[in-house]
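For reference, the structure is listed below as structure tokens.
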């Protein structure tokens, strides 16, 4: 009896896991308008549905004649299963696999009133209509073939779970690696930005200092130029007076000095015009 019961449980788990996967695919097709392979694993099965139906049928089948008790019992059991499953998965993998946060009357996003009521209605249909037919099918299905199918199925589920868990762990490591790279890039960017800011600030300070020194130099240069022009004009006036006083005076050094003064005067005028 124990072996048959265990066999039936495995059969129910297989069947309802597949039915649950089909239900999720149909729901997503209607909601999103495209095929989405729903579920924690890669294969066509959602184990939470298999566990859920086994728990509900095992606990509530004896009182299935009372629709009210069956409904609220189903709501309570499925909600507890969904909450515990979501909580455990998040604690293990640090990932939120579904989120009802946007739904009204939700508890930490794991469960919400809307879907809990829907699970209650679905369980009434399953317990009263679907499960009796499935039980008859399992009883009439050849046990040997059933054991082979179940064995292959469980191996597939176990392998799928291992691959999925390893993929999630690898993905998390990649996320951590990407976060580290992003953090290093952010630090490098901050340091580069600070250096650029310091360089620009220093350049601006140097430019202000250079402009100040340049203005001071220009002022001194203009003062010296004016003084030089004044001295030059004074010296020219003296030479003209001497020439007028001594018309026949021939003094090569004085002539050379006059030529040098003229050359300097031309250079100053030329520099002034270039400015």
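The values are calculated or read from the model by the stated rules, or taken from the named source; none is laboratory data. Because the structure is a prediction, the values reported are computed rather than measured. Virtual Cβ from ideal backbone geometry, glycine too; neighbours counted across all protein chains shown.
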query: Which pairs have Cβ atoms under 8 Å, sit 6 or more apart or on different chains, and link a residue in segment 101-114 that is on the phi > 0 side of the Ramachandran plot to one that is assigned to a strand (DSSP E or B) and surrounded by 15 or more Cβ atoms within 10 Å (Cβ to Cβ)?
result: 105/112
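Rundown of residues vs (1) over 30 Å from residue 65 (Cα atoms); (2) out of contact with any helix residue (DSSP H, G or I) (no Cβ under 8 Å at 6 or more places or on another chain); (3) exposed (fewer than 15 other Cβ atoms within 10 Å of the Cβ); (4) not assigned by TED's automatic domain parsing to the domain that holds residue 17, yes/no style:
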position: 79; (1), (2), (3), (4): no, no, no, no
position: 84; (1), (2), (3), (4): no, yes, yes, no
position: 124; (1), (2), (3), (4): no, no, no, no
position: 148; (1), (2), (3), (4): yes, yes, yes, yes
position: 160; (1), (2), (3), (4): yes, yes, no, yes
position: 163; (1), (2), (3), (4): yes, yes, yes, yes
message: Test of understanding: among 75, 88, which residue is loosely packed, with under 15 Cβ neighbours inside 10 Å and modelled with pLDDT of 85 or more?
response: 88
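Any residue that is at pLDDT 85 or above, touching a helix residue (DSSP H, G or I) at 6+ places or on another chain (Cβ under 8 Å) and either outside the structural domain of residue 87 (by TED's automatic domain parsing) or on the phi < 0 side of the Ramachandran plot (or both) - is there at least one of those in segment 165-177? Quick ask: steps written out before the conclusion?
Here is the first cut: in segment 165-177, the residues at pLDDT 85 or above are none.
Checking segment 165-177: not a single residue is at pLDDT 85 or above, touching a helix residue (DSSP H, G or I) at 6+ places or on another chain (Cβ under 8 Å) and either outside the structural domain of residue 87 (by TED's automatic domain parsing) or on the phi < 0 side of the Ramachandran plot (or both).
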